[in-house]
Amino acid sequence: MQKWHIRVLWAYPIFAIMTVIASLTIIIASKVRPSSTPAVFHYVKHHWSKAVLRLLTVKLEEAKTSKRSLLATGVTHVIVAPHRSVLDPAIIAAILPRHRNQWVVKREVFDIPFIGPALKAAGCLATDRDGNKDAAKAMLSPETARNLQMKKSSLVLFASGSRHKTEFKSGGFYFAKENALPVMPIGISGADDI
């Protein structure tokens, strides 16, 4: 049996348990103390992602960048990344500073037990991948930009819209341009080999 098969056999059940615990932590925080939910979400997301990557023996090598100093300024950014691997969200959550950011997530993920209610409680934005332009415009409205700026949050989205697509959709870039927000592209290399 190959080494990665053995890793999958023990890692995925542990990954599932960690995900349920992380999701329940966010859901409980939203019920007990709703005002603390964003902070709990960012803390849990950051540590969950680092633990998942450690569990799967993934080592991250970050390119030299000024992202930490850019994000530390409190300026709202549109953080755009490709989505080629199931690990991409964990990688991005691990490399971003524990900084307030709002994630755009495909609507189907909100139907997953534990994960969906946690994302909803954390204020993640749902998007339709069916190309519903009216829904996208409503979600990525000037009001959304004002809310992000007021909270000093950034918007994180996967511009390819789906895993394995190579072209970027324009919604995130349009949102950034219309609201005069800087775009921070993130590249991920090698995640689809894991």
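Things worth noting here:
- Accessible surface of MET184, taken over heavy atoms with a 1.4 Å probe and every protein chain present, rounds to 20 Å².
- Solvent accessible area, Å² - SER36, 1.4 Å probe, full protein context: 30
- Among the listed pairs LYS31/LYS120; LYS59/LYS106; LYS120/LYS177; LYS151/LYS177; LYS31/LYS106, those with a Cα-Cα distance over 22 Å are LYS59/LYS106; LYS120/LYS177; LYS31/LYS106.
- Residues whose amide H comes within less than 5 Å of that of ASN101, counting only those at least five positions distant or on another chain, are SER154 (H built at 1.01 Å from N in the peptide plane).
- Cut-off under 5 Å, modelled amide H: who pairs with MET184 long-range: VAL78, ILE79, VAL80
The values are calculated or read from the model by the stated rules, or taken from the named source; none is laboratory data. Fair warning: this is a prediction, and the values are worked out from it, not measured in the lab. SASA here: full protein model, heavy atoms, side chains in, ligands and nucleic acids out. Shrake-Rupley method; radii C 1.70, N 1.55, O 1.52, S 1.80 Å.
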